[in-house]
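Chemist: Quick one: the structure is below, questions incoming.
The values are calculated or read from the model by the stated rules, or taken from the named source; none is laboratory data. If you're wondering where the values come from, they're calculated on a predicted model, not measured in any experiment. With ideal geometry, Cβ positions are generated from the backbone for all residues, glycine too; neighbour counts draw on all protein chains shown. SASA here: full protein model, heavy atoms, side chains in, ligands and nucleic acids out. Shrake-Rupley method; radii C 1.70, N 1.55, O 1.52, S 1.80 Å.
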Amino acid sequence: MIGFAGLSHLGIVSSIAAASKGCEVIGFDPNPARCRNLQEGRLEVFEPGLPELLAASRPRLRWTADASDLGGCALVVLSPDVSTDDENRSELSTLHQLIDDVIGRISPDAVLVVLSQVPPGFTRRLAAQRESRHPGAGSSVYYQVETLVLGRAVERSLHPERFIVGCPDPAAPLPPSYTAWVGSFGCPILQIRY
């Protein structure tokens, strides 16, 4: 089971794409109305092909405003949109709030992946935060470079050229739950140190 936390443009498209590849997906967002709309098949974002992809994938998707529902997920992906200003500074308050909602409710054994665009050092700090709560859990925090392109998000999500994954140890294999997800897309996976 994969959890996607943060259901803005990035999270909605990415979670539906994962479900379309056969993954069982729980999408979490603290906004109950957003979750209700998604559960009823109403999208807040427009992308060519997304309504059809949602319709085909709905049996493998569940949406919730209760972060505790992520407790059974082996893999949790932080996926809210992060805006940047003209000086390339990221607005991280939504992401920080989401982490506060999620980090104490997921299993210490769950793999945590940051998909949102964040500044250098963010993932290392998140790993240290998780390690302080659950010794050993910091080594299962990863960063995946997101490549969402508005208007082409479905195409890019279903047929990525490659995945670039920031890892605590690039020489080590990715955890099985993470490999199962990214491996379902059939593209190269480039592991680098974050």
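Chemist: May I ask you to give the solvent-accessible area per residue for the chain, in square angstrom, as obtained with a 1.4 angstrom probe?
Modeler: Values: 9010 Å² over 194 residues.
Value for the chain: 46 Å² per residue.
Chemist: Can you give me the % of accessible surface on the chain that is carbon or sulfur? Probe 1.4 Å, all protein chains present, nothing else counted.
Modeler: The value for the chain is 52 percent carbon and sulfur by accessible area.
Chemist: Can you give the local net charge around residue 194? Use residues other than it whose beta-carbon is closer than 11 angstrom to its beta-carbon, Lys and Arg +1, Asp and Glu -1.
Modeler: +2
Chemist: On a 0 to 90 degree scale, rounded to 10, what angle separates helix 93-102 from the longest Cα axis of the chain?
Modeler: Approximately 80 degrees, to the nearest 10.
Chemist: Normalised by the empirical 2.2 N^0.38 Å for globular proteins, what value does the Cα Rg of segment 54-194 take?
Modeler: Numbers: Rg = 15.2 Å, N = 141, 2.2 N^0.38 = 14.4 Å.
Here the answer is 1.05, to two decimals.
Chemist: Rounded to the nearest 10 degrees, what's the angle between the helix 9-20 long axis and the longest principal axis of the chain, both from Cα atoms, 0 to 90?
Modeler: 80
Chemist: If you wrap segment 8-65's Cα atoms in a convex hull and average its projection over all directions, what's the area in nm²?
Modeler: Directional mean of the projected Cα hull area for segment 8-65 stands at 3.3 nm².
Chemist: Could you work out how far helix 122-133 tilts from the main Cα principal axis of the chain, as a 0 to 90 degree angle to the nearest 10?
Modeler: So the inclination is approximately 70 degrees.
Chemist: Same structure again: When only C-alpha pairs under 8 Å and at least 6 residues apart count, what is the relative contact order of the chain, in percent? Write down the numbers at each step before the final one.
Modeler: Working: 357 pairs, mean separation 40.1, N = 194.
After rounding, I find 21 percent.
Chemist: What net charge do the residues around residue 91 carry, taking every other residue with its C-beta under 15 Å from that of residue 91, with Lys and Arg at +1 and Asp and Glu at -1? Write out the running numbers ahead of the final one.
Modeler: Working: positive: 89; negative: 81, 85, 86, 87.
Local charge sum for residue 91: -3.
Chemist: Enumerate by residue number the chymotrypsin sites (Phe, Trp or Tyr not before Pro) in segment 96-160 meeting two conditions: DSSP loop (anything except H, G, I, E, B), and at most 12 other Cβ atoms within 10 Å of the site's Cβ.
Modeler: Here no chymotrypsin sites (Phe, Trp or Tyr not before Pro) fit, given the DSSP loop and packing criteria.
Chemist: 222 nm [θ] for the chain, helices only, -39500 (n - 2.57) per DSSP H run of 4+, per residue, to 500?
Modeler: Details: 7 runs with 64 residues, N = 194.
Result for the chain, helices only: -9500 deg cm²/dmol.
Chemist: I need the P(r) histogram for segment 1-135: all alpha carbon pairs, bin width 5 Å from 0 out to the longest distance, whole percents.
Modeler: Here the calculated profile for segment 1-135 is 2, 10, 21, 23, 19, 13, 8, 3, 0.
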